[in-house]
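Okay, so here's the structure we're looking at.
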Amino acid sequence: MNALAGILGIAVVAGVNLYAAILMLGLGLRFGWIQGLPGELQILQHPGVLAAAAVFYTAEFVADKVPFFTPIWDAVHTFIRPVGAALLAFGAAGDLHPAAQVAAVLIAGPVALGMHSSKMGIRLLAHAAPEPVTHSAISIAEDVGVIGLLLLAYNYPYIAVPVLLALLGAMVWLAPLLLRILRLAVSGTIVWLESMAGPASQSEVPGWARRGASGAHLTRVFGRKGPFPRLCLGYLTEDALVYRKWLQPRVRKLAGIPGARLEKGVFVDILILSNGVSFYLTKDWSRDWERMDGGQQIRQALQKPAELS
């Protein structure tokens, strides 16, 4: 039970904040707050390791308070946190059988990736209110949770295991949303580089969206706020959103598309309709929207009757 609590605790907290986990484990060993860690992790209390962890924790503490920089920081750590969690779990299982050590690595990596995805999802959803106060409160809650879970895991393992399993259950329940979040994060990061070449092409639109739109010009979006699944992948026409639910195309009429405004972000932009509905646009499709929206404004200007002087 002690080993299970420690491995699960490390995997969960490292997926949220790897540097805080390393710093907390090192300080816990140094000052006796944490007991029962094997010799493989004693290196964490070395002054050099503590100093490095403190520097990176401070950098993450600042980065988490900046709303539009947080997704960049989390995207960079998509691979760092799971790998770090796997290494820490391997050390935490140092007193166990080699097969158990391998199992600890295989468990810790995916768990940390899931918690990392959950953190990214919460932060993306918090962009509905992109002011520093909300993100600061979330960041402080995460840090307190990291400290509390580690102390709980190594001091009260019989209480910690049910708590950690409940967190993992919540993560599984949120898995569909997390998959949509990862799709947006990966897509936004990749096409940020591809968008340098110009706007997206209609040839990239899948067949199910074309059939649902009946030949209209389509813009790929991810749902942000409105009467549709959060972060769902869809295609916007002049008056409707085409998306899939249970693998079946759905068409939802939307008012407020004419006159929508575009707010620029780092990796993704936000398209806000006049009725409050909003979408995320990756950079290539944002350029496509600007090109089509500009053409629509020109057509509307030409269609207006000339005023008599």
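Just so you know, all these numbers are worked out from the coordinates, no wet-lab data involved. Keep in mind that this is a model prediction, so the values were computed, not measured. Reconstructed Cβ throughout: ideal geometry from the backbone, glycine too, with neighbour counts over all protein chains shown.
Tabulated data for the structure shown
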read-out: At least 15 Å along the helix axis (C-alpha) and Kyte average at least 0.5, DSSP helices within the chain; value: 2-16, 18-31, 47-63, 80-92, 98-125, 132-155, 157-173, 175-194
read-out: Hydrodynamic radius (Kirkwood) for the stretch 40-111, which is based on Cα pairs only, to one decimal in Å; value: 13.8 Å
read-out: Check: the stretch 2-173 dipole with +1 on Lys, Arg Cβ and -1 on Asp, Glu Cβ, in debye; value: 40 debye
read-out: Distance between the stretch 252-274 and the stretch 1-24 - C-alpha centres, whole angstrom; value: 40 Å
read-out: For peptides 34-46, 245-257, sequence by mean Cβ density within 10 Å, most packed first; value: 34-46, 245-257
read-out: Among Ala14, Ala240, Ser118 the positive-end extreme of the charge dipole of the chain (Cβ point charges); value: Ala240
read-out: In range of the label at Val102: residues from the stretch 8-49 whose backbone nitrogen is under 14 Å from the point 7 Å along Cα→Cβ; value: none
read-out: Packing-based ranking, highest mean first, of 199-210, 160-171 given that Cβ atoms within 10 Å are counted; value: 160-171, 199-210
read-out: Geometric extent, Cα atoms of the stretch 2-173 - Rg, Dmax (angstrom); value: 15.4, 49
read-out: Potential extension, Thr134-Trp208 segment - 0.36 nm per residue separation minus Cα distance; value: 22.8 nm
read-out: Two-decimal Rg to Rh for the stretch 198-303 - Kirkwood Rh, Cα set; value: 0.94
read-out: Simple Cβ-charge dipole of the chain, Lys/Arg +1 and Asp/Glu -1, about Cα centre, in debye nearest 20; value: 1040 debye
read-out: Relative contact order of the chain, defined on C-alpha pairs under 8 angstrom at six or more residues apart (%); value: 17 percent
read-out: Nearby lysines by direct alpha-carbon distance to Lys65 (threshold 27 angstrom, same-chain neighbours under 8 apart not counted); value: Lys119, Lys225, Lys264, Lys283
read-out: Dimensionless Rg ratio for the chain, taking C-alpha atoms and the 2.2 N^0.38 Å reference; value: 1.22
